1. Quick one: how many residues across segment 236-270 are buried (at least 18 other Cβ atoms within 10 Å of the Cβ) and within 13 Å of the ligand (Cβ to nearest atom)?
2. It is to be established whether one or more residues within segment 127-137 are aliphatic (A, V, I, L, M), within 18 Å of LEU199 (Cβ to Cβ) and in a helix (DSSP H, G or I).
3. For segment 49-65, which residues satisfy the criterion of being assigned to a loop (DSSP other than H, G, I, E, B) and crowded, with 17+ Cβ neighbours inside 10 Å?
4. Failed condition for PHE146, given (1) farther than 30 Å from ARG240 by Cβ; (2) in contact (Cβ under 8 Å) with a residue 12 or more places away in the chain, with all others met?
5. Within 16 Å of the ligand (Cβ to nearest atom), over 18 Å from the mean Cα position of the chain (by Cα) and either at pLDDT below 90 or not acidic (Asp, Glu) (or both): is that true of ARG219 in this structure?
6. Does LEU207 satisfy being part of a helix (DSSP H, G or I) and touching a residue at least 24 places away in the same chain (Cβ under 8 Å)?
7. Any residue that is part of a loop (DSSP other than H, G, I, E, B), charged (D, E, K, R) and surrounded by 18 or more Cβ atoms within 10 Å (Cβ to Cβ) - is there at least one of those in segment 175-185?
8. Go through segment 159-174 residue by residue and tally those that are assigned to a helix (DSSP H, G or I) and crowded, with 23+ Cβ neighbours inside 10 Å.
Amino acid sequence: MPELPEVETTRAGLAPHVLGRTIRSVVLRRPDLRWPIAGEVSTVLPGQRVEAIRRRAKYLLLDTGAGSALLHLGMSGSLRVLDPDVPVRTHDHVDMTLDSGQILRFNDPRRFGCLLWQAPGDTHDLLRDLGPEPLDDVFDGDHLFFASRGRRAPVKTFLMDQRIVVGVGNIYAAEALFAAGISPLRDAGRISRERYARLAAEVKRILAYAINRGGTTLRDFISPDGAPGYFEQELSAYGRGGLPCPACGTPLRQALVGQRATVWCPRCQR
Ligand SMILES: [Zn+2]
């Protein structure tokens, strides 16, 4: 599943091809993805110039003077910029033809993605209650500390709550908690300010590292035959239940926390 670093890398990879370009036409090969595709995508978007391509949480926004196309890659989606003669493949649901002659093509086998519309000056309902971006300065240990007081949810569930901070999915929550030495089971409200400072720093470090590595695989997002280009992960905890802890060798434990598979070291994480 595309996580925040993949979405950010997609944004950065698309920007040079899409920014300042006018969308000449839009082809929809089906009327819906996870939800019906917004009517404005075919009625308003053609003829508009892309003024910015932004990311908010795991959403991408193509901003034009008439409004913004709001995209989510869902579980399996990918966006690529292709030459016009590249044949359409199964699950290529949407094409946007640019005035460069290239095509921005949205492929999504499982169709959990979406393509919606945000009117100028408006904030789409899906973006309204989101917490801060993890790489912004407002996200820090104090933000986590004050937001967590009185909360009895496990810290991992708390960290994955999009109203607290966006874009920390199951993989990055497990890895950041491992790096910070915090048990995912611990009550969010019972973690000190100092430990939250460490946790916020690890979230930033791990996400920034993944985004940086993504920069080296940018070609995958624009080459016609490239795989979608999700990153190979270098993981310490996620998906390693029963294997030795990379720090101390103790077998890593695995359990469901908030209905998500969770792995941690019972010795290193308290
Ligand atoms: Zn350990």
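1. 11
2. no
3. The answer is VAL50, ALA57, LYS58.
4. (2)
5. The answer is no for ARG219.
6. So LEU207 fits the description; yes.
7. No: zero hits.
8. Matching residues across segment 159-174 total 4.
The values are calculated or read from the model by the stated rules, or taken from the named source; none is laboratory data. Owing to the predicted nature of the structure, the values given are computational and were not obtained by experimental measurement. When we count neighbours, we look across all protein chains shown, and the Cβ atoms used for this are built from the backbone with ideal geometry, even at glycine.
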